[in-house]
1. What pairs come up if the first residue lies in the stretch 46-65 and is closer than 19 Å to Asp19 by Cα, the second is in a loop (DSSP other than H, G, I, E, B), and their beta carbons are under 7 Å apart, counting only those six or more places apart or on different chains?
2. Go through the stretch 36-48 and give me each residue that's open to solvent by 50 Å² or more (accessible area, probe 1.4 Å) and not hydrophobic (A, V, I, L, M, F, W, C).
3. Could you tell me whether Ala69 is in contact with a strand residue (DSSP E or B) (Cβ under 7 Å, 6 or more places away or on another chain) and in contact (Cβ under 8 Å) with a residue 12 or more places away in the chain?
4. I'm checking my understanding of the structure. Among residues of the stretch 1-35 that are open to solvent by 40 Å² or more (accessible area, probe 1.4 Å), under 15 Å from Tyr59 (Cα atoms) and touching a strand residue (DSSP E or B) at 6+ places or on another chain (Cβ under 9 Å), which one is modelled with the lowest pLDDT?
Amino acid sequence: MAHATLIVTCSGGTYFDRDHYVDVHLPLALACWRHHGLESASAFFPRNADAPEVSVGLYRFRDEDALHAALASAETAAVMADVPRFTDATVSRSVGTPL
């Protein structure tokens with residue numbers, strides 16, 4: 001099976017705490033979802049301060065079934081509850097799989 005990537009973008013909002021996202025949120029997601037098949041989590045930030053997106057997170061899972069199992073798990077509540085601690089931006093999720 002092919003890896004699956006959860007792509008999370010944050011757009012707009014009035015604040016985004018990059019340090020919290022990298023130092024707290026990504027490790028939290030890894031702790032909550034690793035046993036469901038999350039293999040890595042990375043953060044990317046636009047170079048242009050005027051870009052509509054304030055961050056892009058890439059969460060790489062073993063496969064698409066693992067990704068969906070993680071999102072359906074009880075642990076997802078803890079991951080989502082952390083979001084207001086680092087941003088009020090609009091969060092969008094999409095799934096990417098290799099072609």
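1. If the second residue must be in a loop (DSSP other than H, G, I, E, B), the pairs left are Glu53/Pro46; Val54/Gly13; Val54/Ala89; Ser55/Phe45.
2. Step one: list which residues in the stretch 36-48 are open to solvent by 50 Å² or more (accessible area, probe 1.4 Å), which gives 39, 44-45, 47-48.
If the condition is that a residue be open to solvent by 50 Å² or more (accessible area, probe 1.4 Å) and not hydrophobic (A, V, I, L, M, F, W, C), then Glu39, Arg47, Asn48 are the ones that fit.
3. Details: in contact with a strand residue (DSSP E or B) (Cβ under 7 Å, 6 or more places away or on another chain): no; in contact (Cβ under 8 Å) with a residue 12 or more places away in the chain: yes.
Judged against the criteria, Ala69 is not a match.
4. Applying the filter and picking the extreme gives His3.
Residue by residue, here is whether (1) open to solvent by 50 Å² or more (accessible area, probe 1.4 Å); (2) closer than 11 Å to Thr9 by Cβ; (3) within 15 Å of the chain's Cα centre (by Cα) holds:
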| position | (1), (2), (3) |
| --- | --- |
| Asp50 | yes, no, no |
| Glu53 | yes, yes, yes |
| Val56 | no, yes, yes |
| Leu71 | no, no, yes |
| Glu75 | yes, no, yes |
| Asp82 | no, no, yes |
| Phe86 | no, no, yes |
| Thr90 | yes, yes, yes |
| Pro98 | yes, no, no |
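The values are calculated or read from the model by the stated rules, or taken from the named source; none is laboratory data. Bear in mind the structure is a predicted one, so any value in this text is a computation, not a measurement. Glycine also receives a Cβ, built like all others from the backbone with ideal geometry; neighbour counts cover every protein chain displayed. The accessibility values were calculated without ligands, DNA or RNA, using every heavy atom of the protein model including side chains. Shrake-Rupley method; radii C 1.70, N 1.55, O 1.52, S 1.80 Å.
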